[in-house]
Amino acid sequence: MLLTPRARLKSALLASAVSVCLVAASAPEVPLGVGDRLFPHLGNPGYDVASYDLAFTYSGTNTKPLQAVTTIDAWTTTALERINLDFAQGKVESVEVDGEPATFAGAGDDLVVTPEDPLAAGSWTRITVRHTSDPVSTGRDGGWVRTADGLAMANQADAAHLVFPCNDHPSDKAMFTVRITAPDGYTAVAGGLPTGVERTGGTTTWTYRTQHPMATELTQVSIGRSTVVHRQGPHALPVRDVVPTKDRELLEPWLKKTPDQIAWMERKVGPYPFETYGLLMAEASTGFELETQTLSLFERDLFTEPAYPKWYIESIMVHELSHQWFGDSVSPRTWSDLWLNEGHATWYEALYAEEKAGRTLEARMKAAYGASDRWRSTGGPPAQPKAPNPGQKISIFRPNVYDGAALVLYALRQEIGRTAFEHLERAWVHNHRDSTATTADFVRLAQEISGRDLARFFKDWLYGEKTPLMPGHPDWKPAPPVAKGEPKAAPKVARPAGPAAK
Ligand SMILES: [Zn+2]
């Protein structure tokens, strides 16, 4: 995810606080979680989802809930009397477990399903939920995004379960089939490749399937008055963009940049990890862009706002593209590992701006160094971010995990040298592709590749309250803390000059 300048400013101005609550795991019908430090109720223990089949029926109006059927195939890892799913904001009509009706109840953000017979450990089970999926948010951020001509999705970090019942944590990746039925005149696209289009009496059903596992937070479904624009990427990779039909010509100068950007990333880190890529141009004011797997979500206005310099927009395209490797193919095991997503995406965003537009990485990192202590005090150290404030739009996406984390990568490159660093980046996305990985995995691989003991280095850079000295730049100094009563300054990096910086 990348906040647009407006939202970055807001994120810098908002203070943060820690709020964590724990629940007893033994009581009946209580929300459970997988113990994520930042989102204790996300995910559920006792099973591992292999695949989701999501079927949505869109009526043609954005204010009416969609009818939906979610089918989950899962492997039980313990014996289960109840199955907790994450689900909120929709109405559940019925639940079946292995074809038999099951009882269900809501508990917080969980849908607690009780099958007729308990499930044995180590067995396959199929859970079918008939429900509605409501695009009208009840004051919560994420899930469906209402666009000028339909709907899109933005589920990161904790909002997929506002759209469909799921095990809503990136540690449980699964395969997805998505079927969307919409009135004629609409085009529906989801992540992955199309597998069929069926037209019947005024409606069309579009089906898509992923060829790689995906985290729930990375699902994308677009329904709109759209055109799908096809082109070819490196090695004949199918690239398809989804754009408002009326804007096709207007956006083409940007869209045609993608194949070269993919080739650029492949030269840096190795083969593109998925079966397709493309941009979804949404006519909506989300305040961010999002790396939904194989189909990144962008605000259309980012490309039409005259005040944004060309190099800036291109570097943001590369930010979301690089997430396909860092964050999507290799996804975080816990949300505290978010710095691995955003630090790398910021790194390649900045590297691209350096190579293509002469915006030096060193200047950007020096500016980040100046702000880093302040970012750490507001958002926590990069690998131990503070919890989101309830109801706060920016959630955990603060500067500490963007430029603050790219700064850690810069320090690492200074410490182990360019050759070892570049080897590490390629090995990271290769070794952990289609999987999840932790901060400890990254530290281990960095040590292995550099042949160095980096325990102390990473402890200080990833978990320290203060930013350590920058190797090779002893003259770099953190900016003095902001005096009491003075407004906190917005981050001085990655924002284009001129009136766009609102
Ligand atoms: Zn990002």
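Restricting attention to the range 78-133, the residues being more than 26 Å from PRO65 (Cβ to Cβ) and assigned to a strand (DSSP E or B) number 5. Condition first: closer than 17 Å to MET281 by Cα and among the aromatic types (Phe, Trp, Tyr). Now tell me which residues in the range 251-270 satisfy that. TRP254, the sole residue that qualifies.
Residues that are surrounded by fewer than 24 Cβ atoms within 10 Å (Cβ to Cβ), modelled with pLDDT of 95 or more and of a type in the set (Ser, Thr, Tyr) within the range 273-293 comprise just one, THR276.
Residues checked against (1) within 11 Å of the ligand (Cβ to nearest atom); (2) among the basic types (Lys, Arg):
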position: ILE313; (1), (2): no, no
position: MET317; (1), (2): no, no
position: GLU320; (1), (2): yes, no
position: HIS323; (1), (2): yes, no
position: SER329; (1), (2): no, no
position: ARG333; (1), (2): no, yes
position: MET365; (1), (2): no, no
position: ALA371; (1), (2): no, no
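With respect to (1) over 22 Å from PRO65 (Cα atoms); (2) in contact with a helix residue (DSSP H, G or I) (Cβ under 8 Å, 6 or more places away or on another chain); (3) buried (at least 20 other Cβ atoms within 10 Å of the Cβ), the lone exception for ALA263 is condition (3).
The single condition from (1) among the hydroxyl-bearing types (Ser, Thr, Tyr); (2) touching a Gly at 6+ places or on another chain (Cβ under 8 Å); (3) under 24 Å from THR334 (Cβ atoms) that TYR58 fails is (3).
Only a single item in (1) outside any loop (DSSP other than H, G, I, E, B); (2) farther than 19 Å from LEU462 by Cα is not met by MET365, and it is number (2). Taking LEU424, is it more than 24 Å from the chain's Cα centre (by Cα), modelled with pLDDT of 95 or more and of a type in the set (A, V, I, L, M)? So LEU424 fails the test.
Among the residues of the range 37-52, are any more than 22 Å from the chain's Cα centre (by Cα), at pLDDT 95 or above, of a type outside the set (Asp, Glu) and outside any loop (DSSP other than H, G, I, E, B)? Yes - at least one qualifying residue is present in the range 37-52.
Of the residues GLY122, GLY150, GLY142, GLY106, the single one that is in the same structural domain as ARG82 (by TED's automatic domain parsing), farther than 24 Å from ASP73 by Cβ and modelled with pLDDT of 95 or more is GLY150.
The residues listed here are GLY380, GLY343; of these, the one that is in the same structural domain as ALA405 (by TED's automatic domain parsing), away from the ligand (no atom under 16 Å from the Cβ) and either crowded, with 20+ Cβ neighbours inside 10 Å or modelled with pLDDT of 95 or more (or both) is GLY380.
Criterion applied to HIS235, HIS212 was being out of contact with any strand residue (DSSP E or B) (no Cβ under 6 Å at 6 or more places or on another chain) and assigned by TED's automatic domain parsing to the domain that holds GLY191, and the one residue passing it is HIS212. Of the numbered criteria (1) within 25 Å of LYS173 (Cβ to Cβ); (2) free of Cβ contacts under 8 Å to residues at least 12 places away in the same chain, the one LEU119 fails is (2).
Considered as a group, the residues in the range 47-89 that are among the acidic types (Asp, Glu) and within 22 Å of TYR208 (Cβ to Cβ) include one that is surrounded by the fewest Cβ atoms within 10 Å (Cβ to Cβ), and that residue is ASP73. For the range 311-336, the set of residues classified as more than 23 Å from LEU295 (Cβ to Cβ) and in contact (Cβ under 8 Å) with a residue 60 or more places away in the chain consists of ARG333, THR334, SER336, listed by residue number.
Within the range 298-311, no residue satisfies the criterion of being closer than 23 Å to PRO273 by Cβ and away from the ligand (no atom under 14 Å from the Cβ).
The values are calculated or read from the model by the stated rules, or taken from the named source; none is laboratory data. Quantities reported herein were computed from a predicted structural model and do not represent experimental measurements. In this analysis, Cβ positions are derived from the backbone assuming ideal geometry, glycine residues included, and neighbour counts consider all displayed protein chains.
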